[in-house]
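Q: Just dropping this structure here.
Where a number appears in this text, it was derived from the coordinates with a stated rule and is not lab data. Model, not experiment: these values are computed from the prediction. All Cβ positions, glycine included, derive from the backbone under ideal geometry; neighbour counts span all protein chains shown.
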Amino acid sequence: MGSTLEWGRHYAMVEPSSYRIDYAINPYMDPAVQPDPVRARDQWQHLAATLRSLGATVEEVPALPQAPDMVYAMNLGLVALRPDRTGSGGRSVVLSHMRHPQRRVETPAARAWFEAQGFTPSYVGREGIGAHFEAGDAFPFRGDLVVGHGPRTDELALRQLAGDLGVRVRGLRITHPGMYHLDLAFCPLDDEHALVCPAAFDDESAHRLLDLVPQPVVLSEEEAIGSWCANSVVVGRSVVMPGCPDRVRSRLDALGFDVVLVDVSEFHLGGGSVRCLTNPLDITVGRDLEPVTGGLLPGPDAAAA
Ligand code: ARG
């Protein structure tokens, strides 16, 4: 059994008052099929209450009326707390540069919110210019940053993240249109285990991810797409999941995880689930680097994908 995940006890969630389907930027969205606003609010509140009941803190971020996808808070930015070697600490956030123009209105609001919370914002490249980066494509695992690229994040962003954050970046090429963010196919559970859906990636990336995770819980394409189970969040040994196929639940039980199911079906209409609705604010990157002088350098396979 691996040690408990070091992050996942503090989240931002964007309240769902503006959630609608105004456009289609992923295969799940259809403006002819709108969410029920009352049910969506109830589901969102139940998710926040569940996280709190497990001991996590949840910050509620106001929504912009003109940003119907902002409820998917995972894409606001990647929080990167810095290891406090100098004594200066450091709360930083790499803001997203969204692939689709419809979502770019979210970023200035995200910036203002993070700044008010004491985070220093940065961008991959320059503000709103250059490589695309969406934070649902990036998660820490065993001291590295695992980053999916293709549908949303540009491969070019990986080298910049490695250099800017001083972390080794493990790049994975996403090829499945239904798993357009890494968080639909990969969920770290602790230092040893993660949910992994190889069908989301090209063969080489799938093999590299399976090599990276000492004991992967492998999901079939049907399991990942049908239940959204990789789009879960982990609070200690509890896995808050939108659905969990029996086979996966048996594996998680055997590994000592407690499965907590929540219904967020209204948000599946927009192409997101539990993870997409939450943004972890307690991610530290670069912790496994040797102390360095004269700047932090990316590791050898930074942006190698
Ligand atoms: N409608 C949103 C989009 O396509 C859904 C985002 C899902 N978020 C996530 N972290 N996977 O951008």
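Q: So how do 147-153, 267-273, 55-61 stack up, highest first, on mean other-Cβ count within 10 Å?
A: For the peptides 147-153, 267-273, 55-61, the packing ranking is 147-153, 267-273, 55-61.
Q: Considering only the chain, what is the antiparallel percent among its DSSP beta bridges, to the nearest 5?
A: 50 percent
Q: Calculate the tail of P(r) for segment 61-163: the fraction of all Cα-Cα distances greater than 24 Å, expressed in %.
A: Everything past 24 Å amounts to 20 percent.
Q: What does the charge add up to near Asp246, with Lys and Arg as +1, Asp and Glu as -1, over the other residues with Cβ less than 12 Å from its Cβ?
A: Every neighbour counted, the sum reads +1.
Q: If you plug each phi of segment 215-230 into the Karplus form 6.51 cos²θ - 1.76 cosθ + 1.60 with θ = phi - 60°, what whole-Hz ³J(HN,Hα) values come out, in order, with x for Gly and Pro?
A: 9, x, 9, 7, 9, 6, 4, 4, 5, 5, 6, x, 10, 6, 5, 6
Q: I would also like to ask the following. For Asp202, what residues show an amide H to amide H distance below 5 Å, using hydrogens built from the backbone and excluding near sequence neighbours?
A: Excluding prolines and chain starts, which carry no amide H, the hits are Arg173, Thr175.
Q: I need the phi-derived Karplus couplings for segment 144-149: 6.51 cos²θ - 1.76 cosθ + 1.60, θ = phi - 60°, integer Hz, Gly and Pro marked x.
A: For segment 144-149, the Karplus-derived couplings read 9, 10, 8, 10, x, 9 Hz, x marking Gly and Pro.
Q: A further question on this structure: Any idea how far apart Arg91 and Ser3 come out in nm if each label point goes 7 Å out from Cα toward Cβ?
A: 2.4 nm
Q: Long-range amide H contacts for Ala80: which residues qualify at under 5 Å (H placed 1.01 Å from N, peptide plane, sequence gap of 5 or more or a different chain)?
A: It is Ser92, Val93, Val94, by chain and number.
Q: Sticking with this structure for a sec: What dipole magnitude, in Debye to the nearest 20, does the chain give about its Cα centre under +1 on Lys/Arg Cβ and -1 on Asp/Glu Cβ?
A: 520 debye
Q: How much mean residue ellipticity at 222 nm does the chain get from its helices, if each DSSP H run of length 4 or more adds -39500 (n - 2.57) and you divide by all residues, to the nearest 500 deg cm²/dmol?
A: -6500 deg cm²/dmol
Q: For a paramagnetic label modelled at 7 Å from the Cα of Arg237 toward its Cβ, which residues of segment 53-70 fall within the zone defined by backbone nitrogen distances under 17 Å?
A: 54-56
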